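In what follows, a structure is listed as structure tokens, so that the remarks can point back to it.
The values are calculated or read from the model by the stated rules, or taken from the named source; none is laboratory data. These figures come from a predicted structure and were not determined experimentally. Ideal geometry is used to build each Cβ from the backbone, glycine not excepted, and the neighbour counts take in all protein chains shown. All accessible areas refer to the heavy atoms of the entire protein, side chains included, with ligands and DNA or RNA removed. Shrake-Rupley method; radii C 1.70, N 1.55, O 1.52, S 1.80 Å.
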Amino acid sequence: MDAYDEGSHARHGGTGPGVPSDPAPPSVPPARAPAPAGQDDPRPSDAPPPSTAPPAPDVSPPPSTAPPAPDVSPPPSTAPPAPDVSPAPDADPPPPDAGPPPPEPRTGVAALPLRHQIAAAVALGIVAVVVCAHIGMTFLHVAPANTVSKEHAETVEDWIYPEFEQNWKLFAPNPLQQNISVQVRAEVLTPDGGVRTTGWYDLSAEDGRAIDGNLLPSHTQQNELRRAWDFFVATHDGEARPVGMRGTLAESYLRRIMVMRLDRSDAAGPGGVVDRIQVRSRTSNVPPPEWSEEEVSTKPVYRTLPWWPVPKDEARGGIG
């Protein structure tokens with residue numbers, strides 16, 4: 001087959017059935033116009049001539065006429081979107097030029113100004129000294145007699161009595177077997193200038209009625225009057241004369257309690273003033289149980305103290 005046959009096949013190739021299409025000829029630049037007269041052509045002389053071959057026929061397949069496939073995609077899900085569980089990014093490292101972290105804020109006494117810190121330290125020191133002194137005095141009071149307690153007995157007693165007195169009778173093997181009632185009466189100056197004497201007020205019975213049926217009785221109802229009378233008896237002789245400085249203190253303490261109780265009971269009456277008081281005790285033995293063969297007298301015994309004048313600042317229930 002000669003060159004003309006190849007050219008003919010190239011022109012008619014790919015149109016018949018069963019004949020593969022030849023590849024498209026290489027792209028050829030378009031023809032150029034001749035250079036004007038008197039000027040040289042700037043393009044190289046060995047450039048190929050422009051192609052005169054016709055463009056390749058369009059061999060794309062015809063559009064399909066088949067119906068579109070039905071949409072079989074699953075319905076949209078109604079479940080809520082899954083939470084984002086992507087790991088949190090690491091915190092950015094501090095810049096290299098960052099200084100040390102700021103100090104934590106101070107709390108408590110350290111947060112106060114310097115002068116307030118000094119005042120708080122002094123106050124705490126005073127409280128600590130007082131607490132240690134109280135513990136030491138209490139220990140010397142309840143401890144067995146020794147050289148220190150004997151040498152400083154007066155100082156210890158002045159510190160302990162009457163507010164901090166310690167009593168171990170609750171743990172005694174032989175508890176108290178007597179009922180002691182403290183009673184008081186008064187001489188009252190009436191508004192018309194007269195004097196009248198009241199009856200005996202049984203103050204211990206009043207405390208007993210206040211305690212009976214009370215789940216939480218007060219300390220004064222249980223112990224104030226009883227301890228005041230025990231303190232007085234322990235510091236006075238059989239003639240009701242005080243023994244030392246504690247005796248005078250015990251008498252003043254008992255008298256003030258009596259005047260306050262009389263004022264609560266309105267013993268003086270309207271316009272009256274308590275001028276003197278007299279205190280007595282009624283002591284009776286507790287009857288033994290029926291199965292006991294012990295025999296004791298149940299007859300009450302009275303101890304009556306002399307009349308005490310009431311100072312003016314205490315006459316109306318004051319404590320002076």
> Are any residues in the stretch 155-184 assigned to a helix (DSSP H, G or I) and either at pLDDT 75 or above or buried (at least 17 other Cβ atoms within 10 Å of the Cβ) (or both), and if so, which ones?
Replying inline: T155, V156, E157, D158, W159, I160
>> Anything in the stretch 112-154 that is touching a Leu at 6+ places or on another chain (Cβ under 9 Å) and either within 27 Å of G247 (Cβ to Cβ) or outside any helix (DSSP H, G or I) (or both)? List them, or say none.
In response: N146, V148, S149, H152, A153
> Within the bounds of the stretch 274-284, is there any residue that is open to solvent by 20 Å² or more (accessible area, probe 1.4 Å), on the phi > 0 side of the Ramachandran plot and touching a Pro at 6+ places or on another chain (Cβ under 7 Å)?
Replying inline: no
>> Among the residues in the stretch 305-319, are any touching a His at 6+ places or on another chain (Cβ under 6 Å) and either modelled with pLDDT under 95 or basic (K, R) (or both)?
In response: no
> What are the residues in the stretch 242-251 that are charged (D, E, K, R) and modelled with pLDDT under 90, if any?
Replying inline: R246
> For Q221, all conditions in the list (1) under 30 Å from W159 (Cβ atoms); (2) open to solvent by less than 50 Å² (accessible area, probe 1.4 Å); (3) not hydroxyl-bearing (S, T, Y) hold save one; what is the number of the exception?
Replying inline: (2)
> What pairs can you find where one residue is in the stretch 292-316 and in contact (Cβ under 8 Å) with a residue 24 or more places away in the chain and of a type in the set (K, R), the other is in a loop (DSSP other than H, G, I, E, B) and open to solvent by less than 100 Å² (accessible area, probe 1.4 Å), and their Cβ atoms are less than 9 Å apart, with a gap of 6+ or different chains?
Replying inline: R316/A268
>> I'd like the full set of residues that are more than 30 Å from R241 (Cα to Cα) and exposed (fewer than 11 other Cβ atoms within 10 Å of the Cβ), limited to the stretch 285-304.
In response: P289, E290, W291, S292, E293, E294, E295
>> Can you report the number of residues in the stretch 239-265 which are within 51 Å of the chain's Cα centre (by Cα), over 19 Å from T220 (Cβ atoms), loosely packed, with under 15 Cβ neighbours inside 10 Å and not hydrophobic (A, V, I, L, M, F, W, C)?
In response: 2
